[in-house]
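Trainee: Pasting in a structure now, in structure tokens, and then I'll have a few things to ask.
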Amino acid sequence: MSANSASAHPHAASITNADAGRTAGGAPTNPAADGGGAAEEPAGDPADESTTAPATAETNPITSEGGATPGTTGATTHAVAADDVTANPTAAAGAAATNPTASAGGAGRLGEGGNGGSDDWDEQEQSLLRRLGQTQSVWILGVLVVIVLFFSIVAGDRFLSANNFSLISQNIAVWAVIAVGMTFVIVTSGIDLSVGSVLVFSSVIAAKTMDAAGGEGYGVAALGLLAALVSGLAWGVVNGFLVAKAKVPPLIVTLGSLSVALGLAQVITDGIDIRSVPEVMTDYNTYIKIAGIPALPFTAFIVVVIGGVVLHRTKFGRYTYAVGSNELAARRVGVRVDRHLISVYGLAGLLSGFAAVLALSQYGTTTIAGQSLTNLNVIAAVVIGGTSIFGGEGSIFGTVVGLFIPAVLQAGFVIIGVEPFWQGVAVGTVLVAAVYFDQSRRRAATRGAGAKRSSLRSVLLRSR
């Protein structure tokens with residue numbers, strides 16, 4: 001696969017050249033023939049996640065142009081070069097997902113004793129999935145536009161005022177920071193229910209640290225920020241370790257962390273909010289504006305942009321998609337899945353710690369009882385925005401759109417005098433519709449790709 005191809009399709013989930021282990025004549029490989037063939041790594045072994053054997057890569061490397069070195073004889077294994085994995089791990093992961101036996105040999109093209117010839121259709125199927133995934137973000141953006149137009153017509157200038165949109169942006173600022181980390185987690189096919197409790201715990205640690213350090217001044221505020229980041233990161237790393245190494249389901253791990261973090265926060269404070277927040281921290285949200293935008297949403301915007309760049313333009317982001325698409329396949333092509341999962345959950349915890357500082361700045365208190373639904377609201381926003389709960393798909397842009405929908409609904413209902421309880425009904429309806437849409441497009445894409453494969457096989461069999 002060329003560098004240009006990897007750039008154009010960073011989230012591709014298949015490799016068309018999947019004839020791993022074929023001899024020069026097209027016969028299936030006997031891994032023991034040369035005595036030096038690369039043995040397949042046992043699935044799920046966290047101790048050794050590197051699957052690209054040096055001897056194998058030298059025997060039959062994939063060049064930068066995506067073609068195997070010609071003239072290779074004997075029993076060889078079609079290895080993925082390290083550069084190609086780095087350039088597009090998701091694509092490489094898709095190859096192993098399409099034919100898990102490829103890394104051990106024995107996969108050939110259709111008509112040559114194997115089924116590798118269907119990989120062209122696998123690539124088309126994954127391309128279709130990517131296009132349909134993008135349509136969900138567009139669809140949900142259309143829903144947001146309809147909501148804004150509705151309240152604009154009903155409420156007029158009361159809804160369209162600059163002050164109203166400023167309030168909306170400030171209301172979602174804290175959630176936006178947490179949602180960036182949640183997007184990474186859900187793209188890996190995971191979940192983190194503990195983000196709200198980690199926010200509370202980190203805010204308590206930060207407030208206690210600042211109070212012990214004197215309570216005022218920029219240095220004290222910086223110390224509180226550091227304490228919140230460290231405590232949030234620690235929770236995230238613990239979650240990631242239990243998920244990746246102990247193999248405990250993420251739902252159970254983070255559900256336990258939710259209870260433990262919130263319980264510890266209440267033990268430390270005796271259930272009473274800490275209100276001794278430095279003025280320099282509260283003034284940051286009250287008085288400071290950057291380019292006319294209040295500091296809190298501006299800060300969240302910077303985090304969102306950085307998160308989008310990391311997810312969509314870096315190796316870390318490509319590995320995130322690869323793990324979510326097929327964890328076993330990602331291991332086969334050399335992605336250190338366990339380490340990456342720990343990093344992803346650590347990132348979610350770190351951003352929860354940073355959100356704790358923003359919450360202290362916004363409210364001037366620790367809000368121990370005020371974050372009980374933060375995790376559910378953030379997860380709903382991420383899923384509504386097009387990130388698949390099955391993993392492998394999602395975008396930061398869609399997450400931001402998903403965040404604005406409940407915020408705009410809440411503001412609009414307040415302005416026109418509708419009971420705010422209807423917000424939950426509306427958001428829940430959109431959430432269920434988003435998940436249904438995700439499942440429907442996956443089934444449609446799978447059926448379409450299956451029909452194309454059947455047609456191709458029929459043509460090839462008739463031509464024999």
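Just so you know, all these numbers are worked out from the coordinates, no wet-lab data involved. If you're wondering where the values come from, they're calculated on a predicted model, not measured in any experiment. Methodologically, a virtual Cβ is constructed for each residue, glycine included, from the backbone with ideal geometry; neighbour enumeration extends over all protein chains shown.
Trainee: Along its three principal axes, how long is the stretch 137-444 when you only count alpha carbons? Whole Å, largest extent first please.
Mentor: 53, 51, 34
Trainee: Where does the charge balance sit around residue 360 when Lys and Arg score +1, Asp and Glu -1, over other residues with C-beta under 15 Å from its C-beta? Working shown, then result.
Mentor: Working: positive: 208, 275; negative: 211, 216, 273, 279, 283.
Charge balance in the 15 Å sphere: -3.
Trainee: Quick one, what does Rg over Rh come out to for the stretch 244-305 if you take C-alpha atoms and the Kirkwood Rh? Provide the component values of the computation, followed by the final result.
Mentor: Numbers: Rg = 18.0 Å, Rh = 15.3 Å.
Radius of gyration relative to Kirkwood radius: 1.18.
Trainee: While we're looking at this one, here's another question. Report, in debye and to the nearest 20, how large the dipole of the stretch 137-444 comes out about its Cα centre when Lys and Arg carry +1 and Asp and Glu carry -1 on their Cβ.
Mentor: Numbers: 16 positive and 13 negative charges, 255 e Å.
It comes to approximately 1220 debye.
Trainee: Do any trypsin sites (Lys or Arg not before Pro) in the stretch 178-267 lie in a loop, going by DSSP, with at most 11 other beta-carbon atoms within 10 Å of their beta carbon, and if so which?
Mentor: Counting only loop positions with at most 11 other Cβ atoms within 10 Å, the trypsin sites (Lys or Arg not before Pro) in the stretch 178-267 are 247.
Trainee: Moving on to the next point. Classify the stretch 206-332: rounded, prolate or oblate, from the alpha-carbon gyration tensor (a ≥ b ≥ c, eigenvalue square roots; a/c under 1.5 rounded; otherwise prolate if a/b is larger than b/c)?
Mentor: Details: a/c = 2.96, a/b = 1.40, b/c = 2.12.
Verdict is oblate for the stretch 206-332.
Trainee: Another question, then. How large, in Å, is the stretch 324-406 by the Kirkwood hydrodynamic radius built from its alpha-carbon pairs?
Mentor: Numbers: mean 1/r = 0.0673 Å⁻¹.
14.9 Å is the Kirkwood radius here.
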